[in-house]
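The values are calculated or read from the model by the stated rules, or taken from the named source; none is laboratory data. Please read these numbers as outputs of a predicted model, since none were measured by experiment. Neighbour counts run over all protein chains shown; Cβ positions are idealised from the backbone, glycine included. Accessible surface is based on the protein model in full, side chains and every heavy atom, while ligands, DNA and RNA are left aside. Shrake-Rupley method; radii C 1.70, N 1.55, O 1.52, S 1.80 Å.
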Amino acid sequence: MKCDMIIKDCSLLTPEFEVVGSQSIAIADSKIVAIGSYTELKETYEAASVLDGKGKLCMPGLVDAHTHTCQQLLKGRTMDELPMIWSRILVPFEGNMDEQDSYVSAQLSCLEMIKSGTTAFADAGGVHMHKVLEATIESGMRAAITRSSIDIGDFLPDTMKQPMEKILDNNEWLFKQYHGSGDGRIQVWFGIRQVMSCSPELIQAAAQKAREYNTGLHAHLAEHRDEVRYCLEKYKLRPVEYLDSLGALGPNLLTAHNVVYSEQELEILRDRNVKIVHCPRANFNSHGFPKTPRMMQMGMSIGIGSDGSSGSNLSLWDEIRVFRSGIHAYWGLPVFDPLVMPANELLKMITVGGAQALQIEKEIGTIEIGKKADVILVNIEQPHIWPTRNLVNTIVESVTSKDVEDVIIDGKLVMKNREMLTLDEERIMYESAARMESIAQKAGI
């Protein structure tokens, strides 16, 4: 029997987050078709190619469950800035991008994500998202992408605001043109940028459209105290209660940040099966510490997002290290609980949790027969990783983006030995540098 590829003699991260050695994986028609010893597999399968996994750990591709590809060319710009960064810098920058700016920015985002082991992402939406989709398809990545949805907000530039009807019409066009493209790797969602920048009518309509098209809904939620104050003053409801009153909460809703919640809001989110995504570095820098241990006790779905690279980078390895330290310091140390954020839970958040956030956990997130072959190989035979008493713990504390050597998405090799196979890295780096300053000048930032 023929197959497309066999990954030979690697260590393997199981769905139970244990590591087993000397495993091989057969891939055919974009899926994992067999797992076992190389001797067993080669008796059954004739592989078109064999990828040597010796000295490497094969694990599920990472999922960045909340990012902004249209902010990639703001790298380094928002650190050490006073509030409100998103209204003063991020949104004005996006509003001054042209189509080619968005395309190059998305290419650079995909390049950085792949080289750090991220194989799928959810983009909260910016401008010219058809160009973002084109870049994503070319990269080979899997994604859930929406467009910017801002129709109110005196504190926001007019370049980013549009009438509700235009926002919805453009989002529907995007869905009809691109949903299911890239051999099924691409989802197009509807969006609620944030309760302070979306009218009640837009929120209701976006939620209804997402249900109508049986697709996802992406929102920033409970990111900071100003948002809570705004909802209490204007609607006499907290943000979760407000969205619930508009019919926007449900299992197809991905919410990013999730910092400022009451206990009652957590219960509503759990009951509606809303997907929670944290952005540790962005949250800790300016918003606070989420009630993640409580969310874990409640059995809520939790993923991790980078929130874009304007203040840091797109490495989910860095995110979980910061997240573990911050949650330990804030929730663990005061009550002497060293197990408040276990290592396996962090790995779950950047794999299974992300897959749940993108609503494709039946396809990706674990390495199992029948699932899509979205996997990465990490070089573990290095002094900062090996030898180790507990590889799972060491992965969380020590692995970096540069340790990811091979990336396979949808059964296709997109990076081998850290060499990109789908994107022209040198050209993208050159074009990105050329465009970075021109957009900033247009935006006046």
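Taking the conditions exactly as written (open to solvent by less than 30 Å² (accessible area, probe 1.4 Å) and within 22 Å of the chain's Cα centre (by Cα)), does GLY332 satisfy them or not? Talk me through it step by step, then tell me what you get.
Details: open to solvent by less than 30 Å² (accessible area, probe 1.4 Å): yes; within 22 Å of the chain's Cα centre (by Cα): no.
For GLY332, the condition - open to solvent by less than 30 Å² (accessible area, probe 1.4 Å) and within 22 Å of the chain's Cα centre (by Cα) - is not met.
Taking ARG324 and the conditions (1) in contact with a His (Cβ under 9 Å, 6 or more places away or on another chain); (2) on the phi < 0 side of the Ramachandran plot, which numbered condition does it fall short on, given that it satisfies the others?
Failed condition: (1).
Say whether the condition of being among the aliphatic types (A, V, I, L, M), in a loop (DSSP other than H, G, I, E, B) and either over 18 Å from GLY303 (Cα atoms) or modelled with pLDDT under 95 (or both) is met by at least one residue in the stretch 340-356.
Looking for residues that are among the aliphatic types (A, V, I, L, M), in a loop (DSSP other than H, G, I, E, B) and either over 18 Å from GLY303 (Cα atoms) or modelled with pLDDT under 95 (or both), one finds none in the stretch 340-356, hence no.
Of the residues that make up the stretch 169-176, is at least one assigned to a loop (DSSP other than H, G, I, E, B) and charged (D, E, K, R)? Step through it out loud before you land on a result.
Start the filter on the stretch 169-176 by keeping residues that are assigned to a loop (DSSP other than H, G, I, E, B), which leaves none.
Checked against the condition, which is being assigned to a loop (DSSP other than H, G, I, E, B) and charged (D, E, K, R), the stretch 169-176 yields no hits at all.
Among VAL63, VAL91, VAL50, VAL104, which is the only one that is of a type in the set (Val, Ile, Thr) and open to solvent by 10 Å² or more (accessible area, probe 1.4 Å)? Before the answer, list the steps.
On the way: VAL63 fails: open to solvent by 10 Å² or more (accessible area, probe 1.4 Å); VAL91 fails: open to solvent by 10 Å² or more (accessible area, probe 1.4 Å); VAL104 fails: open to solvent by 10 Å² or more (accessible area, probe 1.4 Å).
Among VAL63, VAL91, VAL50, VAL104, only VAL50 is of a type in the set (Val, Ile, Thr) and open to solvent by 10 Å² or more (accessible area, probe 1.4 Å).
Return the residues of the stretch 290-329 that are part of a loop (DSSP other than H, G, I, E, B) and either under 12 Å from the mean Cα position of the chain (by Cα) or more than 19 Å from GLY353 (Cα to Cα) (or both); say none if nothing qualifies. Quick ask: steps written out before the conclusion?
Here is the first cut: in the stretch 290-329, the ones part of a loop (DSSP other than H, G, I, E, B) are 290-291, 298-301, 305-315.
Those that are part of a loop (DSSP other than H, G, I, E, B) and either under 12 Å from the mean Cα position of the chain (by Cα) or more than 19 Å from GLY353 (Cα to Cα) (or both): GLY305, SER306, ASP307, GLY308, SER309, SER310, GLY311, SER312, ASN313, LEU314, SER315.
Just checking, which of ILE364, ILE320, ILE350, ILE369 is surrounded by fewer than 23 Cβ atoms within 10 Å (Cβ to Cβ) and in contact (Cβ under 8 Å) with a residue 60 or more places away in the chain? Break it down into steps so the answer makes sense when it comes.
Details: ILE364 fails: surrounded by fewer than 23 Cβ atoms within 10 Å (Cβ to Cβ); ILE320 fails: surrounded by fewer than 23 Cβ atoms within 10 Å (Cβ to Cβ); ILE350 fails: surrounded by fewer than 23 Cβ atoms within 10 Å (Cβ to Cβ).
From the options ILE364, ILE320, ILE350, ILE369, the qualifying one is ILE369.
Select from the stretch 198-229 the residues that are free of Cβ contacts under 8 Å to residues at least 60 places away in the same chain and acidic (Asp, Glu) and write down the one among them that is farthest from HIS128 (Cα to Cα).
Selected residue: GLU227.
Would you confirm, using the coordinates I've provided, whether ARG389 is open to solvent by 50 Å² or more (accessible area, probe 1.4 Å), of a type in the set (Lys, Arg) and assigned to a loop (DSSP other than H, G, I, E, B)?
Values: open to solvent by 50 Å² or more (accessible area, probe 1.4 Å): yes; of a type in the set (Lys, Arg): yes; assigned to a loop (DSSP other than H, G, I, E, B): yes.
So ARG389 passes the test.
May I ask you to verify whether ASP403 is surrounded by fewer than 24 Cβ atoms within 10 Å (Cβ to Cβ) and in contact with a strand residue (DSSP E or B) (Cβ under 8 Å, 6 or more places away or on another chain)?
On the way: surrounded by fewer than 24 Cβ atoms within 10 Å (Cβ to Cβ): yes; in contact with a strand residue (DSSP E or B) (Cβ under 8 Å, 6 or more places away or on another chain): yes.
Criteria met by ASP403.
Just to be sure before I move on: is GLU46 free of Cβ contacts under 8 Å to residues at least 24 places away in the same chain and over 30 Å from ALA124 (Cβ atoms) in the structure I sent? Steps first, answer last, please.
Values: free of Cβ contacts under 8 Å to residues at least 24 places away in the same chain: no; over 30 Å from ALA124 (Cβ atoms): yes.
No; evaluated as a whole, the condition is false for this residue.
Residues being in contact (Cβ under 8 Å) with a residue 60 or more places away in the chain and either in contact with a strand residue (DSSP E or B) (Cβ under 6 Å, 6 or more places away or on another chain) or open to solvent by 50 Å² or more (accessible area, probe 1.4 Å) (or both): count how many of those fall in the stretch 335-347. Write out each step before concluding.
In the first step, residues of the stretch 335-347 are kept if they are in contact (Cβ under 8 Å) with a residue 60 or more places away in the chain; the result is 344, 347.
Filter again for either in contact with a strand residue (DSSP E or B) (Cβ under 6 Å, 6 or more places away or on another chain) or open to solvent by 50 Å² or more (accessible area, probe 1.4 Å) (or both), leaving 344.
Total meeting the criteria: 1.
Yes/no per residue for (1) touching a residue at least 12 places away in the same chain (Cβ under 8 Å); (2) crowded, with 24+ Cβ neighbours inside 10 Å; (3) over 21 Å from VAL63 (Cα atoms); (4) out of contact with any Pro (no Cβ under 8 Å at 6 or more places or on another chain):
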| residue | (1), (2), (3), (4) |
| --- | --- |
| SER87 | yes, no, yes, yes |
| MET113 | yes, yes, no, yes |
| ILE145 | yes, yes, no, yes |
| ASP158 | no, no, yes, yes |
| LEU168 | yes, no, yes, yes |
| SER181 | yes, no, no, yes |
| GLY191 | yes, yes, no, yes |
| MET196 | yes, no, yes, yes |
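For the structure I just gave you, tell me whether GLY125 is modelled with pLDDT under 95, crowded, with 21+ Cβ neighbours inside 10 Å and under 20 Å from the mean Cα position of the chain (by Cα).
Working: modelled with pLDDT under 95: yes; crowded, with 21+ Cβ neighbours inside 10 Å: yes; under 20 Å from the mean Cα position of the chain (by Cα): yes.
Considered against the rule, which asks whether it is modelled with pLDDT under 95, crowded, with 21+ Cβ neighbours inside 10 Å and under 20 Å from the mean Cα position of the chain (by Cα), GLY125 comes out as yes.
Taking the stated definitions as given, is ILE302 open to solvent by 10 Å² or more (accessible area, probe 1.4 Å), closer than 27 Å to CYS110 by Cα and modelled with pLDDT of 95 or more? Spell out how you get there, then give the answer.
Working: open to solvent by 10 Å² or more (accessible area, probe 1.4 Å): yes; closer than 27 Å to CYS110 by Cα: yes; modelled with pLDDT of 95 or more: yes.
Here the answer is yes, as ILE302 does meet what is asked.
For the condition closer than 25 Å to GLU223 by Cβ, within 16 Å of the chain's Cα centre (by Cα), touching a residue at least 12 places away in the same chain (Cβ under 8 Å) and buried (at least 23 other Cβ atoms within 10 Å of the Cβ), what is the one hit in THR119, THR69, THR78? Break it down stepwise before answering.
Numbers: THR119 fails: closer than 25 Å to GLU223 by Cβ; THR78 fails: within 16 Å of the chain's Cα centre (by Cα).
Criteria check complete, one pass: THR69.
Considering only the stretch 1-20, state which residues are in a loop (DSSP other than H, G, I, E, B) and exposed (fewer than 14 other Cβ atoms within 10 Å of the Cβ).
Start the filter on the stretch 1-20 by keeping residues that are in a loop (DSSP other than H, G, I, E, B), which leaves 1, 4, 14-18.
If the condition is that a residue be in a loop (DSSP other than H, G, I, E, B) and exposed (fewer than 14 other Cβ atoms within 10 Å of the Cβ), then MET1, GLU16, GLU18 are the ones that fit.
Answer yes or no as to whether ASP424 is buried (at least 21 other Cβ atoms within 10 Å of the Cβ), acidic (Asp, Glu) and more than 21 Å from PHE284 (Cα to Cα).
Working: buried (at least 21 other Cβ atoms within 10 Å of the Cβ): no; acidic (Asp, Glu): yes; more than 21 Å from PHE284 (Cα to Cα): yes.
No: the conditions fail for ASP424.
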